[in-house]
Amino acid sequence: MKEDNQKDKEIYQSYINHSIQDFENSQSINVKDQRSMIKKGKYMALITSIMISLAILLLIIPGMTLGSYLYYAVGGKANHLIEIATKTVYVTEPNISLEEMELEENIKFFSMDIQFEVFKRIGKEDYKAGEYLIKYAFDKPRFPEKTILLDRPLPKIASMESNRIFHPDALKPPGLEVEWDLLKKLPDGTVSEVYISLSKLMKAGELEKQLGKNVEVRWVAVDTGLEKKQIDKEGYPVAPIGYPLQLDQTTWSPFNGRDQTNEEVFMDILEFLRNNEENAAKIASAKSLALEERVPYLKKNGIYVYGAVVTGPTSELRKLQKNEAIRTMKVGEVKLWNWK
Amino acid sequence: MELEVKSKKKKRQRQRVPTVTGLLSFVTAIIALAGLNIALLMDYDEFPDFFLIKLPLVGLILGGIGLFTQKRSRLFSIWGMFLCLFIFIFTFTMFGLAWSINPKP
């Protein structure tokens, strides 16, 4: 038994030795070369990892940019947001127009800034009234950052209390009589912009006839059933809405009078903003536009105006004090004579 | 079980060493991509055609050559070509998308 074990051990040992011999013979590369190869392999793996990581890191910004552009361009999201912003300005800001051609947009990582200049017609000339910057995160706007260049700017938060136009049935704030004195003290060689509130509701055409040809009605405030109480059904103060009465010759203005009258365009805009009211209210800096209540009211009762923004020679505007249709007046901007 | 050592076979295996053209293609693509990143971060007004057209074109050609080189790893060639193609697709897609946003003459 012991002899057998010894024999097995010898056979096993010889087998192992044979295998080691075989292994050593099969390796044509010496140890030094093997080390060099391993070193080279490690170096290549490192380079490959660095380069691939670098490539992936460098793809992040272009990838995000592309994603942002796709988000805003596909389905016309950016154009839709721009349309809401510009149309809101036309119907919520008295006597303010804008050059849509000059509107600039800047798309960042899933955010967009739009920037445009706004103008006011005083007398016969348009004056730059300011610059608006609206920042969007995805499709939600922040309150616009306004750089106003006016002498008597409108308040930042639009509401009836801070407004310059008052409904015939609404209480008028005291002390408005001094405004006529202010107009009287202005020299004749000036043109002015005034905000008039009417004694009764009337059609825009009727108002133009009442005021005569020596002044120009720029923007009319429309009665929407909420102006008397000045709050919507939830108790939020509402901002006045209206539309420009004169045709705007600017190519991209919706009030260019090519296909529809300004009244029809106004109703279309309200219907459009009704579907995007949250954004529109933010851009109008109003707590509520209450379009869900206002649009059906306008459809049912028609468009009647309760106030307007009028411009013309100061001497002609003074004469409006005798006009019984006018309840109150507030002076806006005044410029040197340009009434040609 | 037997201890068997495979004898060295001289198979025509693809080596792990990348092609020189592939490596150059990858490096070119990374430089172009870095240029694109800088242009995007700086909000650069002028069109950086060197980084968006010329370099990726060179990278694409080098990558193409590297792809057909025998006995070498094609990894870098594929990466180089992928990145160069991405830059081209990015450039032309961005043109189209930017044009469609606020399209006024």
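A single member of B:L41, B:L60 is over 20 Å from the mean Cα position of the chain (by Cα), surrounded by fewer than 23 Cβ atoms within 10 Å (Cβ to Cβ) and modelled with pLDDT of 90 or more, and it is B:L41. All conditions in (1) of a type in the set (G, A, S); (2) surrounded by 15 or more Cβ atoms within 10 Å (Cβ to Cβ); (3) without any contact (Cβ under 8 Å) to a residue 24 or more places away in the chain hold for A:G242, with the sole exception of (3). Count, please, the residues in segment B:20-32 that happen to be buried (at least 18 other Cβ atoms within 10 Å of the Cβ), more than 10 Å from every other protein chain (Cβ to nearest Cβ) and more than 15 Å from B:F50 (Cβ to Cβ). Final tally of qualifying residues: 4. In this structure, does A:K184 turn out to be in contact (Cβ under 8 Å) with a residue 60 or more places away in the chain, assigned to a strand (DSSP E or B) and within 28 Å of A:W337 (Cβ to Cβ)? Here the answer is no, as A:K184 does not meet what is asked. Take segment A:196-215 and flag every residue that is closer than 14 Å to A:G123 by Cα and in contact with a helix residue (DSSP H, G or I) (Cβ under 9 Å, 6 or more places away or on another chain). The answer is A:N214, A:V215. Restricting attention to segment A:42-96, the residues being at the interface with chain B (Cβ under 8 Å from one of its Cβ atoms) and of a type outside the set (A, V, I, L, M) number 7. Is there a residue in segment B:33-55 that is more than 12 Å from chain A (Cβ to nearest Cβ), free of Cβ contacts under 8 Å to residues at least 12 places away in the same chain, outside any loop (DSSP other than H, G, I, E, B) and out of contact with any Asp or Glu (no Cβ under 6 Å at 6 or more places or on another chain)? Yes, that holds for at least one residue. Which one is farthest from A:D126 (Cα to Cα), of the residues in segment A:275-334 that are β-branched (V, I, T) and assigned to a helix (DSSP H, G or I)? Across segment A:275-334, the extreme among qualifying residues is A:V295.
Within segment A:48-106, being among the acidic types (D, E), free of Cβ contacts under 8 Å to residues at least 40 places away in the same chain and buried (at least 16 other Cβ atoms within 10 Å of the Cβ) holds for one residue alone: A:E105. For segment B:56-105, taking the residues that are of a type in the set (V, I, T) and assigned to a loop (DSSP other than H, G, I, E, B), the one that is farthest from the other protein chains (Cβ to nearest Cβ) is identified as B:T69. Restricting segment A:286-319 to residues that are at pLDDT below 90 and touching a strand residue (DSSP E or B) at 6+ places or on another chain (Cβ under 6 Å), the residue that is surrounded by the most Cβ atoms within 10 Å (Cβ to Cβ) is A:A290. Report yes if some residue within segment A:101-122 is of a type outside the set (V, I, T) and assigned to a helix (DSSP H, G or I); otherwise report no. There is at least one residue in segment A:101-122 that is of a type outside the set (V, I, T) and assigned to a helix (DSSP H, G or I).
The values are calculated or read from the model by the stated rules, or taken from the named source; none is laboratory data. These numbers were taken from a predicted model, which means no experiment stands behind them. Reconstructed Cβ throughout: ideal geometry from the backbone, glycine too, with neighbour counts over all protein chains shown.
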